[in-house]
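Comments concern the structure below.
The values are calculated or read from the model by the stated rules, or taken from the named source; none is laboratory data. As the structure is a prediction and not an experimental result, all values here were calculated from the model. Accessible surface areas use protein heavy atoms only, side chains included; no ligands, DNA or RNA. Shrake-Rupley method; radii C 1.70, N 1.55, O 1.52, S 1.80 Å.
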Amino acid sequence: MYSKIYVPVDNSDFSNRAIVNAVALGKAFESALIGSHVYAARMHDYRFKQMEYTLPEEYLDEVELERQRKIHDSLITLGLKLISESYLDQMQNLCRDEGLAFEPRMMDGKHHTELVRDIEGVDCDLVVLGALGIGRVKDSEIGSVCDRVARSSNRDVWVVKHLPKQDDPERDTILVGIDGSPQSFGALQTAIELAQRFEKKIEIIGVRS
C-alpha cells in the first residue's frame with residue numbers, strides 16, 4: 001500500500017509523534033522512509049545584510065565586511081546543517097531498530113516551498129507531518145507549513161494532531177467522510193486496509209444538505 005513514506009521533521013512534539021506513526025506504518029507495510037528538514041540559511045544571510053549598517057565603524061570597511069559575511073555564512077550554514085542532522089537522527093535510529101530503509105534529506109529555503117518540491121521529486125506514496133511545528137502560534141490548530149503542504153501536494157497526507165498522554169488508551173476507530181466523490185471512496189478503501197492491518201474499527205459519515 002505504502003512503499004515510500006515522507007516525514008518532514010523539526011523536533012517539535014507533533015513532528016516526533018509523526019515519526020512514531022510513520023515508523024509504525026512503515027513496519028506494517030515494509031515501507032522505505034524519508035526524513036527531511038528544511039533550514040533557512042539564505043534567510044539568515046539576508047537578515048545579516050539588513051543589519052550590517054548597525055555594525056561598529058571599523059567593520060564597515062568593504063574588505064572587512066566581506067570577510068565578516070563569509071564567516072557568518074559559513075557558521076550559519078554549518079550550524080543549521082548540524083541541527084538538521086540532529087533532528088533526523090531520531091527517525092534514523094527508530095528506522096534502524098525496526099529494520100526499515102531510511103533516507104535523510106536536508107534543504108535550504110522556504111519551508112513549504114522546498115517540502116512540496118521535494119515530495120514531488122522523491123515520488124512518495126504518503127506524507128506524514130505534524131499539524132504544528134516549533135514556530136507554532138498560540139491557539140492555532142494547524143500551522144502554516146502543514147496547511148500549505150497539505151493543500152499543495154497531490155500525495156496522500158496524514159496530519160498528526162493528537163498527542164497521546166501516557167495513560168491514554170489507544171484509539172481504535174477510523175472515521176471516513178463520504179460525499180460520493182472518487183476521492184472519498186478512495187479514502188474509504190485506504191481506511192479499510194488500514195483497519196485490517198491495525199485491527200481498527202471504521203465509522204462512515206455522510207452529510208446531506
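What part of the accessible area of region 105-190, given as a whole %, is carbon or sulfur when the probe is 1.4 angstrom? Walk me through the numbers on the way to the answer.
Numbers: 2680 of 5550 Å².
C and S atoms contribute 48 percent here.
Could you sort K110, K138 by their accessible area in this structure, using a 1.4 Å probe and putting the largest first?
On the way: K110 130, K138 175 Å².
So, going from the largest accessible area down, we get K138, K110.
Order R117, R148 by their accessible area, 1.4 angstrom probe, all chains in place, largest first.
Working: R117 135, R148 105 Å².
Most to least solvent-accessible, the answer reads R117, R148.
In terms of modelled amide H atoms, which long-range or inter-chain residues lie less than 5 Å from the amide H of W158?
V127, V128, L129
Apply the a/c threshold of 1.5 to the C-alpha gyration tensor of region 90-146 and tell me whether it is rounded, prolate or oblate.
Oblate is the answer for region 90-146, as a/c is 1.5 or above yet b/c matches or exceeds a/b.
With every protein chain left in place, what is the accessible area of E170 in Å² (1.4 Å probe, nearest 10)?
The accessible area of E170 comes to roughly 150 Å².
Do you know the relative contact order of region 111-209, to the nearest whole percent, from alpha carbon pairs under 8 angstrom that are 6+ apart? Walk me through the numbers before you get to the answer.
Values: 98 pairs, mean separation 23.5, N = 99.
Here the relative contact order equals 24 percent.
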